[in-house]
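Input: a single structure, listed below in structure tokens.
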């Protein structure tokens with residue numbers, strides 16, 4: 001599976017679109033790779049979408065290049081009482 005690129009805001013106004021993508025591509029036992037480098041805003045609804053992806057696949061969601069504000073939100077919401085729901089990977093973004 002390739003990388004799913006997300007951009008803009010991941011919140012109440014856009015999470016429905018994200019859920020539709022998840023319904024099409026999420027496969028149990030296969031981790032999803034999400035490029036978050038172009039995400040400008042994410043709130044708790046976006047985090048809930050990541051948790052949905054984790055539950056649908058049973059695998060940690062690979063988050064590539066999340067911006068600093070998204071990293072801060074994920075650090076606050078990190079579910080330490082259960083298995084790792086996501087992992088962060090940093091890759092050089094080609095231009």
Every listed condition ((1) surrounded by fewer than 20 Cβ atoms within 10 Å (Cβ to Cβ); (2) at pLDDT below 95) holds for residue 54 save (1)
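A quick yes/no check of all residues on (1) at pLDDT 95 or above; (2) out of contact with any helix residue (DSSP H, G or I) (no Cβ under 8 Å at 6 or more places or on another chain); (3) surrounded by 13 or more Cβ atoms within 10 Å (Cβ to Cβ):
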| position | (1), (2), (3) |
| --- | --- |
| 6 | yes, no, yes |
| 13 | yes, yes, no |
| 34 | yes, no, yes |
| 38 | yes, yes, no |
| 41 | yes, no, yes |
| 47 | no, no, yes |
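Residue under question is residue 29, and the condition is that it be over 16 Å from residue 90 (Cβ atoms), in contact with a helix residue (DSSP H, G or I) (Cβ under 6 Å, 6 or more places away or on another chain) and modelled with pLDDT under 95; does it hold?
Criteria not met by residue 29.
The values are calculated or read from the model by the stated rules, or taken from the named source; none is laboratory data. Note that the structure is predicted; figures quoted are calculated from it, not measured. For neighbour counting, all protein chains shown are included, and Cβ atoms are generated from backbone atoms with ideal geometry for every residue, glycine included.
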